[in-house]
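**Student:** First, the structure itself, so that you have it in front of you.
The values are calculated or read from the model by the stated rules, or taken from the named source; none is laboratory data. Predicted, not measured: the structure shown is a model, and the values here were computed from it. Cβ sites come from the backbone with ideal geometry, for glycine too, and all protein chains shown count toward neighbours.
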Amino acid sequence: MTTPRPHTVRTEDKPAAPADFFEPGARYVDGDGFKAPEETHTFQCEHIALHPRPGAGPRAFGFARNNAPDSEWFSTALTPGDFADAEWTRIPEDEVLGAPTGDAAPAAPATP
């Protein structure tokens, strides 16, 4: 077994600025008022991490759902390309709880 070497983060591998990529703790929608709900998605970003392959860039880990009624949340990881291609719009925090795009943000686990 070899000893792992520390990972050196190259400048081009650093996560993009929040204006250019998802931001942890924020919720986004990829539709507009002219698309049917089943053609749009909501993404709740939980964490940003660098892909271990050099040059692969960051990944936004979180939960997404199709905005059709009764659709389920699923876990996913999105890339900067996903961010640019879908034209995601951040949902203001004061609208998240009542937003028609999904449920309230997940609650913290109950303490014993």
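**Student:** Somewhere in segment 71-78, is a residue over 14 Å from Tyr28 (Cβ atoms), β-branched (Val, Ile, Thr) and either modelled with pLDDT of 90 or more or out of contact with any Cys (no Cβ under 7 Å at 6 or more places or on another chain) (or both)?
**Tutor:** Within segment 71-78, none of the residues are over 14 Å from Tyr28 (Cβ atoms), β-branched (Val, Ile, Thr) and either modelled with pLDDT of 90 or more or out of contact with any Cys (no Cβ under 7 Å at 6 or more places or on another chain) (or both).
**Student:** Please determine whether any residue of segment 4-14 is crowded, with 16+ Cβ neighbours inside 10 Å, in contact with a Leu (Cβ under 7 Å, 6 or more places away or on another chain), at pLDDT below 90 and not basic (Lys, Arg).
**Tutor:** To start, the set of residues in segment 4-14 that are crowded, with 16+ Cβ neighbours inside 10 Å comprises 13.
Applying the additional criterion that residues be in contact with a Leu (Cβ under 7 Å, 6 or more places away or on another chain) yields 13.
Now drop any that are not at pLDDT below 90, which leaves 13.
Adding the requirement that they be not basic (Lys, Arg) leaves 13.
Yes, some residue in segment 4-14 is crowded, with 16+ Cβ neighbours inside 10 Å, in contact with a Leu (Cβ under 7 Å, 6 or more places away or on another chain), at pLDDT below 90 and not basic (Lys, Arg).
**Student:** Looking only at residues that are surrounded by fewer than 16 Cβ atoms within 10 Å (Cβ to Cβ) and aliphatic (A, V, I, L, M) in segment 54-89, which one is farthest from Glu38 (Cα to Cα)?
**Tutor:** Ala56
**Student:** Follow-up question, since we're still on this one. Starting from residues that are charged (D, E, K, R) and modelled with pLDDT under 85, keep the ones in segment 25-37 and report whichever is nearest to Trp88 (Cα to Cα).
**Tutor:** Of the residues in segment 25-37, the ones charged (D, E, K, R) are 27, 30, 32, 35.
Still in the running and modelled with pLDDT under 85: 32, 35.
On the way: Asp32: 10, Lys35: 14 Å.
Applying the filter and picking the extreme gives Asp32.
**Student:** May I pose another question? Among the residues of segment 57-87, count how many are within 18 Å of Asp20 (Cβ to Cβ), in contact with a helix residue (DSSP H, G or I) (Cβ under 8 Å, 6 or more places away or on another chain) and in a loop (DSSP other than H, G, I, E, B). I'd like the intermediate steps shown before the answer.
**Tutor:** Taking segment 57-87 as the starting set, the residues that turn out to be within 18 Å of Asp20 (Cβ to Cβ) are 57-62, 77-87.
Keeping just the survivors that are in contact with a helix residue (DSSP H, G or I) (Cβ under 8 Å, 6 or more places away or on another chain) gives 57-58, 60, 80, 83.
In the following step, the residues that additionally are in a loop (DSSP other than H, G, I, E, B) were identified as 57.
Number of matching residues: 1.
**Student:** Could you please give the count of residues in segment 40-71 that are without any contact (Cβ under 8 Å) to a residue 24 or more places away in the chain, on the phi < 0 side of the Ramachandran plot and among the charged types (D, E, K, R)?
**Tutor:** Number of matching residues: 3.
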